[in-house]
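Everything on this sheet refers to the single structure shown next.
The values are calculated or read from the model by the stated rules, or taken from the named source; none is laboratory data. Treat the numbers as computed from the prediction; the structure is a model and nothing was measured. So basically every Cβ, Gly included, is an ideal-geometry build from the backbone, and we count neighbours across all protein chains shown. The accessibility values were calculated without ligands, DNA or RNA, using every heavy atom of the protein model including side chains. Shrake-Rupley method; radii C 1.70, N 1.55, O 1.52, S 1.80 Å.
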Amino acid sequence: MAQGRFASLLGRDYPKAEKFLQENDSQFRKLASFGIVPEEAMAIVFPELIRYSDISNSLEVLALQVMYVQFGTQYSDFSVGPLQMKPSFAERLESEPGLTSHWVGQGVGPDQDRDKFNSSSGRERRLERLTRLDGQLTYLTVFFKWMDQRYRSQTWASREEKIRFYATAYNSGYWLAEDRIRKLMRQSYFKTSSMSNTAYNYGDIAIDYYRRLIYQRQQNDKKSFGSIK
């Protein structure tokens, strides 16, 4: 696979993130049934996977989980799971109008009982969804659908511009105004760990990995074509 510039810059967490996506490729492929290009989804969440740590997620976040279930996001709002989604992010997506169909069978969404939405039992179920990859992929699907709906009249200069915009919105807040997201697209604010002193451009990492995925797909297509001949 073509070596992007971040593969050497980000150390051992980069191949760990790449391995996670390879091992869960089939789950990301399912997103195609919702009109989402799997490679785009993988690229957008890839920087979060670099920052994700199984140890910190299971130990350090435990107390925060208890606080969230009991008192809500005003007391505890933290990144959960491999795709590093916050409860506040999930709550916003569940409340977005026009996306009810994507929550069918999930017991969530804008038409649910608001008392249950804000209850400790509702928060506990939300947290349970956020700790599963399939649950996080449901939220990711709704994120894509919301972005596609909001920016349906947008003309993108290229596919990579769209991916960079979506990636920045995913990391910084999809509800932000467009001009704010575009400003953040040009900034380097993303740190791959709490101990790091170096900040990167989130979109740069996403695009770098997207190009690696496309290169890999092209190479696989060549091999398949060669075997047919």
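Close amide H partners of Val80, meaning residues 5 or more places away or on another chain with modelled amide H under 5 Å apart, are Met85, Lys86. Heavy-atom accessible surface of Trp175, to the nearest 10 Å², is about 90 Å², with a 1.4 Å probe and all protein chains retained. So which of Lys30/Lys183; Lys145/Lys191; Lys86/Lys145; Lys16/Lys191; Lys86/Lys183 end up more than 24 Å apart, counting from Cα to Cα? Result: Lys30/Lys183; Lys145/Lys191 exceed 24 Å. Under the simplified labelling scheme, the Arg29-Leu62 pair shows an inter-label distance of 3.7 nm, with each label point 7 Å from Cα along Cα→Cβ.
For the range 61-92, the residues whose amide N sits under 20 Å from a probe point set 7 Å from the Cα of Asn118 along the beta carbon direction are 67-78, 87-92.
With both labels modelled 7 Å from their Cα along Cα-to-Cβ, the Tyr189 to Leu133 distance reads 3.0 nm.
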